[in-house]
1. Could you check how many residues of the range 1-41 are of a type in the set (D, E, K, R) and closer than 27 Å to Val235 by Cβ?
2. Which residue, of Ala37, Ala25, Ala66, Ala8, is without any contact (Cβ under 8 Å) to a residue 40 or more places away in the chain, farther than 30 Å from Lys160 by Cα and either of a type in the set (Gly, Ala, Ser) or touching a Ser or Thr at 6+ places or on another chain (Cβ under 9 Å) (or both)?
3. For residues that are touching a strand residue (DSSP E or B) at 6+ places or on another chain (Cβ under 8 Å) and closer than 23 Å to Gln279 by Cβ, scanning just the range 16-52, find the one that is farthest from the ligand (Cβ to nearest atom).
4. Report yes if some residue within the range 263-273 is under 30 Å from Val159 (Cβ atoms) and buried (at least 23 other Cβ atoms within 10 Å of the Cβ); otherwise report no.
5. Please identify the pairs in which a residue from the range 200-227 that is surrounded by fewer than 23 Cβ atoms within 10 Å (Cβ to Cβ) has its Cβ atom under 6 Å from the Cβ atom of a residue that is charged (D, E, K, R), counting only partners at least 6 apart or on another chain.
6. Right, Gly206: out of contact with any Pro (no Cβ under 9 Å at 6 or more places or on another chain) and not in a helix (DSSP H, G or I) or not?
7. Select, from Asp104, Asp120, Asp113, the only residue that is part of a loop (DSSP other than H, G, I, E, B), among the acidic types (Asp, Glu) and out of contact with any Asp or Glu (no Cβ under 7 Å at 6 or more places or on another chain).
8. Output the residue which, of all residues in the range 6-15 that are buried (at least 18 other Cβ atoms within 10 Å of the Cβ) and either modelled with pLDDT under 95 or under 16 Å from Leu302 (Cβ atoms) (or both), is farthest from the ligand (Cβ to nearest atom).
Amino acid sequence: MNDRFLRACRREPVDATPVWMMRQAGRYMPEYRALRAKHSMLDLCKNPNLACEVTMQPLVHGVDAAILFADILLPLEPMGAPFEFAKGEGPVVHKPVTCRADVDALRVIEPEDGLQYVLDAIKTIKRELTGKLPLIGFAGAPFTLASYLIEGGKSAHFVKTKRLMYSEPETWHLLMSKLSEVVRRYLRAQVTAGADCLQLFDSWVGQLSPEDYRDYVQPHVAHILKDVMTLGVPVIHFGTGTYSLLELQRDAGGHVIGLDWRTPLAEGWRRVGYDRAVQGNMDPTVLFAPIAVAKQHVDRVLTAAEGRAGHIFNLGHGILPETPVDTVKAVIDYVHEASARRT
Ligand code: CP3
């Protein structure tokens, strides 16, 4: 078993810094595009054998962890808010949530009731990994999920989301409670199915001021994390644009805190505290630079981590669709080489 990744999550010494990349399975890989030519994104997620095949695709690059192929939006459908991935537009929720009655109608499901295919995919992937690499399970955090439910898709200013939050706080908190309870159950079920680690994605939470995060979001995130942190697997708490939220996110929970490239890693880790591990934080667009320049950025991240136990190398956000595969491979190899040389 390559256990570098799990050791780093637990802040134990490692022979080289572990690395994986958010969205490591996806459109930048020709093998993924070939499968997508035959199947929709939702078909890939809903068929455990296909989800397993896609999960395995990026492992040839030498990453230290596999991440379940799925999407943060999958729980919305069984909760009563079906959506599709529309070509060129990203996710589209067919009937966005607008009022109290819409929130009342959302079902607080058990994961076996509507998401069994994800749990089956985890079991299939675990068999295929034969214990060689750890498997990361994941879910979306309630603010990020609520933003898709309310906006109906991607958003620039999150106006509808914040309007509901500011003008109907009771409705907002009911929605957040329902989402966080579903996510808590779903993450628990993923560990029962075999996930070795969990990541909570709060991709858009950086849209909030610290005060609003504290009042409208933090208790709901804590509801999830305080529970799943007791399951014996490491839990990663990830967001972007979170420079002003780091301490509040840490207090909400997570054994590992995600940092994006706008937070200097050394400062972020100091503020989060050395009793937590950190994950990050190279800018995903650095992978479009010449390989020699990308290596300089790797060195910068490793220098900021100071060889301290508990650093997982990752990008600050997901890998982009046009990323050159050769640079991905070169960066992964270089993280291992350069960090092993330093220890
Ligand atoms: O990391 C992995 O390899 C696992 C798979 C994974 C996907 N989505 C597959 C996917 C994970 C962890 C996610 C998480 C996810 N999904 C997030 C949080 C992470 C982040 O990047 O912020 C968010 C916000 C979503 C919602 C989502 N799903 C969007 C906005 C989109 C469309 C945007 C785009 O890139 O087209 C998706 C679709 C999606 N999810 C794709 C993949 C591989 C592309 C689908 C395709 O093949 O067309």
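The values are calculated or read from the model by the stated rules, or taken from the named source; none is laboratory data. Here the structure is a predicted model, which is why all the values come from computation and not from measurement. Don't worry about glycine lacking a Cβ; one is built from the backbone with ideal geometry, like all the others, and counts go over all protein chains shown.
1. Narrowing the range 1-41 to residues of a type in the set (D, E, K, R): 3-4, 7, 10-12, 15, 23, 27, 31, 33, 36, 38.
When the remaining residues are screened for being closer than 27 Å to Val235 by Cβ, the result is 3-4, 7, 10-12, 15, 23.
Summing the residues that are of a type in the set (D, E, K, R) and closer than 27 Å to Val235 by Cβ in the range 1-41 gives 8.
2. It is Ala37.
3. Per the criteria, the residue is Thr17.
4. yes
5. The qualifying pairs are Asp227/Arg184.
6. Here the answer is no, as Gly206 does not meet what is asked.
7. Asp113
8. It comes out as Val14.
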